[in-house]
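The structure appears right after this line, and notes come after that.
The values are calculated or read from the model by the stated rules, or taken from the named source; none is laboratory data. For clarity, every value in this text was computed on a predicted model and none was experimentally measured. Reconstructed Cβ throughout: ideal geometry from the backbone, glycine too, with neighbour counts over all protein chains shown. Areas reflect the complete protein model, heavy atoms only, side chains present, ligands, DNA and RNA absent. Shrake-Rupley method; radii C 1.70, N 1.55, O 1.52, S 1.80 Å.
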Amino acid sequence: MEVFRHIVTSPRRFVAPVLTLGNFDGVHRGHQAILGRVAEVAHADGGDAVALTFNPHPVAVLRPDRAPALITALRDRIGLISGTGIDVLIVQHFTAAFAALTAEEFVERFVVQRLGAKRLVVGHSVSFGHERRGDAALLTMLGERFGFAVEVVGPIRVDGHDVSSSAVRRAIAAGEIGLATTLLGRPHRLGGRVVRGKQRGKTIGFPTANVRVRAGMLPPDGVYAVRVRRAGVWIDGVANIGTNPTFGDTGRTLEAHLFDFDADIYGARVDVAFIARLRGEEKFSSVEALVAQIQRDADQARVLLATRP
């Protein structure tokens with residue numbers, strides 16, 4: 001997948017482009033349906049499947065006080081989109097000036113003149129242009145004016161749940177890891193770098209990788225069964241999110257104990273996938289009590305992960 005950082009500076013014209021646009025935060029199952037349909041339609045006609053996304057999130061620019069927590073970092077979003085069959089991803093830098101374009105100006109200047117789209121595939125809740133006045137109905141009308149077809153996908157429901165980025169955020173914030181997995185179509189995962197912590201885990205028999213997350217939405221404090229990907233290999237483990245209240249710490253951390261693994265990975269980039277929430281974070285009366293609970297957590301995580309391919 002080719003990635004361009006601005007519509008205007010994308011260095012080539014596209015072949016019979018089929019276009020979609022959206023934030024695609026989380027690249028959940030609704031997004032996957034849209035992006036997959038774009039690829040299907042474009043490739044059937046020998047054309048380019050093109051997706052346009054925005055960074056930073058438009059609300060973060062227009063109403064910073066109401067900006068949603070991002071499910072995934074931009075780097076991870078790009079990686080996930082690349083797996084949907086999209087040929088070209090344009091990451092448009094979103095600014096106040098860009099936001100001032102009317103829906104009609106945006107479509108004529110960028111969709112028609114710059115990208116030359118002959119067909120658009122969009123989600124049912126798509127919004128664009130000044131004050132988000134552009135929607136699927138307006139896009140269809142503009143398509144009739146400018147000569148491009150519009151296909152609207154969704155809403156998408158899975159196991160009785162409406163799929164949306166807002167629904168994914170609510171599930172993660174509530175620690176409902178199973179529901180988040182259902183909506184995303186995969187476990188929620190975050191990327192980061194392994195940094196040096198206080199080395200307590202090693203002294204109590206449970207060495208941990210202290211992961212400094214780049215960006216993205218952490219689940220609530222607690223203990224989780226996880227899988228950690230390092231150098232393309234997934235390793236089972238158990239992780240704690242929180243402040244380590246037994247030791248009186250205050251900073252929030254993500255620490256993962258990896259099963260049957262003792263390599264030095266300080267400085268390595270890893271991905272942490274959350275498979276299940278085991279319990280909330282607790283303050284224990286002694287280090288011995290904490291160690292006993294960690295052992296129970298690790299045993300529970302091993303059993304649970306053995307049932308999850």
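Annotations for the structure displayed:
- VAL126 satisfies every condition listed in (1) in contact with a Leu (Cβ under 8 Å, 6 or more places away or on another chain); (2) more than 24 Å from ARG63 (Cα to Cα); (3) modelled with pLDDT under 95; (4) not in a helix (DSSP H, G or I) except (2).
- Any hit, segment 176-196, residues being in a strand (DSSP E or B), aliphatic (A, V, I, L, M) and touching a Lys or Arg at 6+ places or on another chain (Cβ under 7 Å): yes
- Some residue of segment 131-138 being loosely packed, with under 14 Cβ neighbours inside 10 Å and among the aliphatic types (A, V, I, L, M): yes
- Screening the candidates ALA225, ALA180 for the property of being of a type in the set (Gly, Ala, Ser), farther than 27 Å from GLY22 by Cβ, touching a helix residue (DSSP H, G or I) at 6+ places or on another chain (Cβ under 7 Å) and buried (at least 17 other Cβ atoms within 10 Å of the Cβ) yields one hit, ALA225.
- Taken as a whole, the structure places GLU282 among residues that are outside any strand (DSSP E or B) and acidic (Asp, Glu).
- Matching option when the condition is in contact with a His (Cβ under 9 Å, 6 or more places away or on another chain), open to solvent by less than 30 Å² (accessible area, probe 1.4 Å) and either in a strand (DSSP E or B) or not hydrophobic (A, V, I, L, M, F, W, C) (or both), among ALA239, ALA167, ALA171: ALA239
Per-residue answers, yes or no, for (1) open to solvent by less than 30 Å² (accessible area, probe 1.4 Å); (2) at pLDDT below 95; (3) outside any helix (DSSP H, G or I); (4) among the β-branched types (Val, Ile, Thr):
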residue: ALA39; (1), (2), (3), (4): yes, no, no, no
residue: HIS43; (1), (2), (3), (4): no, no, no, no
residue: VAL50; (1), (2), (3), (4): yes, no, yes, yes
residue: THR53; (1), (2), (3), (4): yes, no, yes, yes
residue: ALA60; (1), (2), (3), (4): no, yes, no, no
residue: ASP65; (1), (2), (3), (4): no, yes, no, no
residue: ARG75; (1), (2), (3), (4): no, yes, no, no
residue: GLN92; (1), (2), (3), (4): yes, yes, yes, no
residue: PHE98; (1), (2), (3), (4): yes, yes, no, no
